[in-house]
Amino acid sequence: MLLIKWFPQREKARANGFWLLCIPISAILAAPLTGFLLEHFSWRTVLILEGFPPIIWAVVWYIMVADTPEKAWWMKPAERQYIVTQLALDEEKKQSTTGQDSARYRDVFRNPKVLTLIFAWFLYCAGFYGFTMWLPQVIANISQATPGIVGVLTAIPYLIGLVGMAVIAVRTDKHGLNKTSAALPLTIAAIALLIGQFFPSAVIQFIFLCIVAAGLYIHGAFFALPPLILRTDILALSLGLIGGIGNLGGFVGPYVVGWLIDLTGTPLAGFAIMAAALFVCGLALASVTPKASASDKPEVNVSGAVEAE
């Protein structure tokens, strides 16, 4: 919700995508670091050591981050006014095109767009966390390496995902949020999840895991969609429902994958479930994405004045 108050619609995919680069970056750093620490300390000590950075960052966040541009003491007046003006224009466009769509809070709970986004996010979290939770174990099984080496190998797909996340976010803002923005990379990830299981070579399986990671991080495109199709007055509640209910998929996905691995003795069935979840998620997002997003994007010149492209 914070980014919604800071970036115009034509910049939201990049804003969300670049902000959420912290997800793959944290995995890139944590995977080898955790593998190294586990070779020297108990898991309890590792949890304590890795709990200190968030506490330090909370202090930095409290000092530097403002809820809205109007409260940011470090911004130039022209920059602040540009953001406020563009956000107001975005809201006027939504009101003129959506009318009274979900104007009352009770309507949020029966808004088909919100329900579709909840369903899509549930499926995405099921596939995403099913993949990320079991990735180290899958790599350990195909590589038969030590925990330290497994940690280094696990960081590689996240590094590929980092690049994919940035590319998807930039592409979404450059070409406009459309029906393929999230559906295309999710389809690629789903296909790679399935195909990789049919190769006996550990190297080829690992390559397909990297391809999955490249198409998996569609956060920028996803979180640019609710502000485009939902009005600001009900956006916070809608995002709360999407995140609160949809995140339950983060429990269901890893649990089902683990249960299927124990039941069948191979990751094939679990990966098939994840692939199906990601593919259907892409279809659901495509069904509620408008054919075209915003109009021409304005730029800010060196002096802070706003110019149209």
Worksheet item: Do the conditions hold for residue 263, that is, is it more than 24 Å from residue 187 (Cβ to Cβ) and either of a type outside the set (Ser, Thr, Tyr) or at pLDDT 90 or above (or both)?
Response: yes
Worksheet item: Just a yes or no: is a residue in the range 95-117 at pLDDT below 80, among the acidic types (Asp, Glu) and crowded, with 20+ Cβ neighbours inside 10 Å?
Response: no
Response to the item:
All-but-one check, residue 206 against (1) hydrophobic (A, V, I, L, M, F, W, C); (2) without any contact (Cβ under 8 Å) to a residue 12 or more places away in the chain; (3) more than 21 Å from residue 277 (Cβ to Cβ), failing number (2)
Worksheet item: Among (1) modelled with pLDDT under 85; (2) not in a helix (DSSP H, G or I), where does residue 141 come up short?
Response: (2)
Worksheet item: Inside the range 4-57, can you point out the residues that are among the polar types (S, T, N, Q) and over 18 Å from the mean Cα position of the chain (by Cα)?
Response: 34, 42, 45
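Residue by residue, here is whether (1) of a type in the set (Val, Ile, Thr); (2) within 15 Å of residue 128 (Cα to Cα); (3) open to solvent by 20 Å² or more (accessible area, probe 1.4 Å) holds:
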| site | (1), (2), (3) |
| --- | --- |
| 155 | no, no, no |
| 164 | no, yes, no |
| 175 | no, no, yes |
| 180 | yes, no, yes |
| 190 | no, yes, no |
| 193 | no, yes, no |
| 205 | no, no, yes |
| 216 | no, yes, no |
| 225 | no, no, no |
Discussion item. Between a residue in the range 214-239 that is without any contact (Cβ under 8 Å) to a residue 40 or more places away in the chain and any residue that is assigned to a helix (DSSP H, G or I), which pairs come within a Cβ distance under 7 Å, given they are 6 or more apart or on different chains?
Written reply: none
Worksheet, complete the sentence: Among (1) within 26 Å of the chain's Cα centre (by Cα); (2) open to solvent by less than 30 Å² (accessible area, probe 1.4 Å); (3) of a type in the set (Phe, Trp, Tyr), residue 82 falls short only on (1)
Worksheet entry | Residues being under 16 Å from residue 8 (Cβ atoms) and either touching a residue at least 24 places away in the same chain (Cβ under 8 Å) or hydrophobic (A, V, I, L, M, F, W, C) (or both) - total across the range 73-85 | 7
Worksheet, complete the sentence: Just one listed residue, out of 24, 54, is farther than 26 Å from residue 177 by Cβ and assigned to a helix (DSSP H, G or I), and it is 54
Worksheet, complete the sentence: With the first residue restricted to the range 271-290 and required to be at pLDDT 90 or above, and the second required to be not in a helix (DSSP H, G or I), Cβ contacts under 9 Å at 6 or more apart or on different chains are 281/218; 282/218; 285/179; 285/218; 286/178; 286/179; 287/179
Discussion item. Can you go through 230, 241 and tell me which one is among the hydrophobic types (A, V, I, L, M, F, W, C) and open to solvent by 10 Å² or more (accessible area, probe 1.4 Å)?
Written reply: 241
Response to the item:
Matching residues in the range 240-263 (touching a residue at least 12 places away in the same chain (Cβ under 8 Å), in a helix (DSSP H, G or I) and not hydrophobic (A, V, I, L, M, F, W, C)) number 7
Practice prompt. State whether the residues of the range 121-135 include one that is of a type in the set (Ser, Thr, Tyr), open to solvent by 50 Å² or more (accessible area, probe 1.4 Å) and at pLDDT 85 or above.
Written response: yes
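The values are calculated or read from the model by the stated rules, or taken from the named source; none is laboratory data. Here the structure is a predicted model, which means the values were calculated and not measured. Counting neighbours? That spans all protein chains shown, and the Cβs are built from the backbone with ideal geometry, glycine included. Side chains included, ligands, DNA and RNA excluded: accessible areas come from the protein's heavy atoms. Shrake-Rupley method; radii C 1.70, N 1.55, O 1.52, S 1.80 Å.
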